[in-house]
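Since the structure comes first, as structure tokens, the remarks are kept for the end.
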2 protein chains.
Amino acid sequence: MNTSPINNQFANRIANSDPSGLADLFMASSDPKNISFAGGYPDTSLFPETDLATSFSQAIANQHQAIFQYTDAKGPLKLREQLITRHNFNNNGQFDPANILVTQGGQQAIDLISRLFLNTQTGLALEAPTYMGAIAAFQAYEPTFYEIPMEEDGLNLTIFENELKKSQATSQKIKLLYTIPDFQNPTGITMSTPKRQRLAQLAKEYNFYIIEDSPYRELRYHGEPQPTIQSFDTDDRVLFVSSFSKILSPGLRIGYVVGSSKLITQLAGLKAAVDVQSPTLTLEALSYYLEHFNLDAHINQLKVRYQAKLAAMLTALTIHMPSNLKFTKPSGGFFIWLEHQDAFDMNDFMQQICLPQAHIVFVPSNGQYPVSNVTNGARLNFSNVSILQIQLGIEKLAHLLTTEN
Amino acid sequence: MNTSPINNQFANRIANSDPSGLADLFMASSDPKNISFAGGYPDTSLFPETDLATSFSQAIANQHQAIFQYTDAKGPLKLREQLITRHNFNNNGQFDPANILVTQGGQQAIDLISRLFLNTQTGLALEAPTYMGAIAAFQAYEPTFYEIPMEEDGLNLTIFENELKKSQATSQKIKLLYTIPDFQNPTGITMSTPKRQRLAQLAKEYNFYIIEDSPYRELRYHGEPQPTIQSFDTDDRVLFVSSFSKILSPGLRIGYVVGSSKLITQLAGLKAAVDVQSPTLTLEALSYYLEHFNLDAHINQLKVRYQAKLAAMLTALTIHMPSNLKFTKPSGGFFIWLEHQDAFDMNDFMQQICLPQAHIVFVPSNGQYPVSNVTNGARLNFSNVSILQIQLGIEKLAHLLTTEN
């Protein structure tokens, strides 16, 4: 807790978070002399520049000046129709445009859902480790965090149900669960179907809501997709969040949330209060893109490239990493999770050895738990590095970790 | 306070606001058979479509695929340089790019500043009436509102200073003032220079911060501009908020906040947690526009058109309005404030008489005070209606108000 005089001017929530560490990390990450396994950036060379350029110019040509005016806070109706049709097709859903709100990336959906449900100290359960950006969004609402450990097939349900039971009679009752069931950020783990089904039941039984955050869902490189948690939901408990950041372009800042029309109406009202709406033109350009180009074919191209990068990283890890380190073997997404023995400090290692000696950056585990101080993990990104950088970088990283042992 | 079972699932802040009334109003406002004096929309026919289309296509052509990638959460450095140079030139400022954060419209700046300063029950002073969207943003943080009445030269400083004094020893101490000093939304009133100077002194004396929200500042149709409150600030107390929504395009969703680098760094961290960043391409397109086209010449064209509309509305009000109604005479901006006698209910009048009989919509005063239930005022917008609609609409409105007397 920061207690310096100037910071007493700020709201309590500000003491919870220190953005400066992350800023340093992303600075190091964007320095071209470093090999960065840190960010969650897609491969820039895969953005469909020509098709997107056409989509922007044609969206303007079709609507003229009106495209620079305000639009519906939920997003244009036609775009919502396109997105919900796509969502229903991919996930056996039965939703209509009243069930979707277009947001400023998936990040804004997480913020708005937090705003809808969380008072100070409200119970919020999440996977540990989890996506740092979600932790930052949640911290602003000062919830009580319940960290649920990860297993090979998703969060530990025994521990979660135990926490649910214990929290029921308290003022920190769990009201919300945040999960990334597909190729989790940062572990790459995918939740099993029985766990998904059970989570939907538990939500009804223990009266909580689920944020099913799934931006990597369509980036599966092996095996068959699991049904969404939402597909098992019979009680309007699940808010499914996704985004075009990983499958098309993060610079567009377009995500969405699918749920009951009652919840979507509330979230739309909250969106109007935080930024009125997303930019009309980017929404209309996406609508044009979805109508005139083949997003699925584009995603298939991405999958070929990312599958090769994932395979290269797994191979390099298998060959070079000392045997006292473990790593996950994801079937999709952007990340592999590397784990040293408990006492090891990945952040110290990166700052003091890895970055100065090998110019390699990754995301150490300490920022990826809202409460615990777990120091022995590292998130490795493979989407925005070349296969050569992967081979070279992982070999160097493994060498330094071997020396440190 | 809504106490139905389902709403108990939501955070306390949700009971504070009901977005459904506003949704109805904007539905009526966009119905082409109505004359709408309701929204705060710029005139669609004045958006520089060709120049903006060029800016988007050239921004893509210049940066290729990189323009679809993530960028700096604060906004691209070059754009921040352009914006701060413009801000300094227009307002005798001495700021640099570390003093500016690019936001998703001015609305997001208001939300982020609230997030930085407001705990539940923190004292927040604002002009009464004020901008509905700001009230909605503030309500999410559950502050204690202090409504400061408006005078012809801006907020009543005697009452404000009295509230400051009274609040000092309490837990609801005023920590933030929200003011729209130029062509205030909804009254059209501009604050006098002595009041601006005094506010900057008071902020230092009573240890509070000021949101100087000024999206209409450059749309002055008569007289000389007043210095900004920020220009009198010697203690880093003022956060100046503005936007391109009224002077270029609201669909772009680009605003900004200028203040001390310490506050801007905090706000940038908060922005990263709510939406990561604004869309890269819209930011780069604005940067291109500012470099290659003449925004000031464009604003001069807007002023000619809006000045004529303001004059037409003031003339129609002067000719037709019964003498027991008062209205303001702004020198700029988008709005005139109409006031009936205290007991009159503008919302009832609009819903039951004006809309069904004359198909005219405006914003009744009841939503424009966070606490008080003031029913006798109406905000009239003149920017997005034709001069013919203004003449016809105001005559009809006046006729119905005369009959209702």
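Observations, loosely collected:
- Boolean, A:LEU116 is within 22 Å of B:LEU270 (Cα to Cα), open to solvent by less than 20 Å² (accessible area, probe 1.4 Å) and part of a strand (DSSP E or B): no
- Residue count, the range A:250-292 (criterion: over 17 Å from B:ARG253 (Cβ atoms) and part of a loop (DSSP other than H, G, I, E, B)): 2
- Scanning the range B:87-103 for residues that are open to solvent by 40 Å² or more (accessible area, probe 1.4 Å), part of a helix (DSSP H, G or I) and within 19 Å of B:GLU291 (Cα to Cα) turns up B:PHE89, B:ASN90.
- Candidates are the residues of the range A:217-238 that are touching a residue at least 60 places away in the same chain (Cβ under 8 Å) and open to solvent by less than 10 Å² (accessible area, probe 1.4 Å); the one that is nearest to A:PHE335 (Cα to Cα) is A:LEU219.
- Among residues of the range A:154-177 being aliphatic (A, V, I, L, M) and free of Cβ contacts under 8 Å to residues at least 12 places away in the same chain, the one that is most open to solvent (accessible area, probe 1.4 Å) is A:ALA169.
Okay, residues lined up against (1) of a type in the set (A, V, I, L, M, F, W, C); (2) under 14 Å from A:TYR289 (Cβ atoms); (3) touching a Gly at 6+ places or on another chain (Cβ under 8 Å); (4) outside any loop (DSSP other than H, G, I, E, B):
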| residue | (1), (2), (3), (4) |
| --- | --- |
| A:LEU25 | yes, no, no, yes |
| A:SER29 | no, no, yes, yes |
| A:LYS33 | no, no, no, no |
| A:ALA38 | yes, no, no, no |
| A:ALA53 | yes, yes, no, yes |
| A:SER57 | no, yes, no, yes |
| A:ILE67 | yes, no, yes, yes |
| A:GLY75 | no, no, no, no |
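- Residues that are in contact (Cβ under 8 Å) with a residue 40 or more places away in the chain and open to solvent by less than 10 Å² (accessible area, probe 1.4 Å), drawn from the range A:269-281: A:LYS271, A:VAL274, A:ASP275, A:GLN277, A:SER278, A:THR280, A:LEU281
- Test: A:LEU22 is within 12 Å of chain B (Cβ to nearest Cβ), open to solvent by 60 Å² or more (accessible area, probe 1.4 Å) and either at pLDDT below 95 or within 30 Å of A:ALA398 (Cβ to Cβ) (or both): yes
- Count of the range B:350-400 residues, restricted to those that are without any contact (Cβ under 8 Å) to a residue 40 or more places away in the chain and acidic (Asp, Glu), is 0.
- Strands (runs of 3 or more DSSP E) enclosed by the range A:133-223 - at least 1 residues per element that are more than 14 Å from chain B (Cβ to nearest Cβ) and in contact with an Asp or Glu (Cβ under 8 Å, 6 or more places away or on another chain): A:144-151, A:174-179
- Filter pass, A:SER45 being assigned to a helix (DSSP H, G or I), within 22 Å of the chain's Cα centre (by Cα), facing chain B (nearest Cβ under 8 Å) and surrounded by fewer than 20 Cβ atoms within 10 Å (Cβ to Cβ): yes
- Looking only at residues of the range A:113-132 that are more than 9 Å from chain B (Cβ to nearest Cβ) and touching a Leu at 6+ places or on another chain (Cβ under 6 Å), we find that the one that is farthest from A:ASP236 (Cα to Cα) is A:GLU127.
- Test: residue in the range B:196-211 that is open to solvent by less than 50 Å² (accessible area, probe 1.4 Å) and within 26 Å of B:VAL363 (Cα to Cα): yes
- Answer from A:VAL304, A:VAL241 - the residue that is free of Cβ contacts under 8 Å to residues at least 40 places away in the same chain and either more than 30 Å from B:ILE110 (Cα to Cα) or not in a helix (DSSP H, G or I) (or both): A:VAL304
- Residue identified as within 10 Å of chain A (Cβ to nearest Cβ) and at pLDDT 95 or above among B:ALA272, B:ALA285, B:ALA311: B:ALA285
- Candidates A:THR328, A:THR318 - the one that is out of contact with any helix residue (DSSP H, G or I) (no Cβ under 9 Å at 6 or more places or on another chain) and free of Cβ contacts under 8 Å to residues at least 60 places away in the same chain: A:THR318
- The test for being at pLDDT below 95 and over 21 Å from the mean Cα position of the chain (by Cα) holds for A:ASP342.
The values are calculated or read from the model by the stated rules, or taken from the named source; none is laboratory data. It should be emphasised that the depicted structure is a prediction, and the values quoted were computed from it without experimental measurement. So basically every Cβ, Gly included, is an ideal-geometry build from the backbone, and we count neighbours across all protein chains shown. Please note that ligands, DNA and RNA were not included when accessible areas were found on the heavy atoms of the full protein model with its side chains. Shrake-Rupley method; radii C 1.70, N 1.55, O 1.52, S 1.80 Å.
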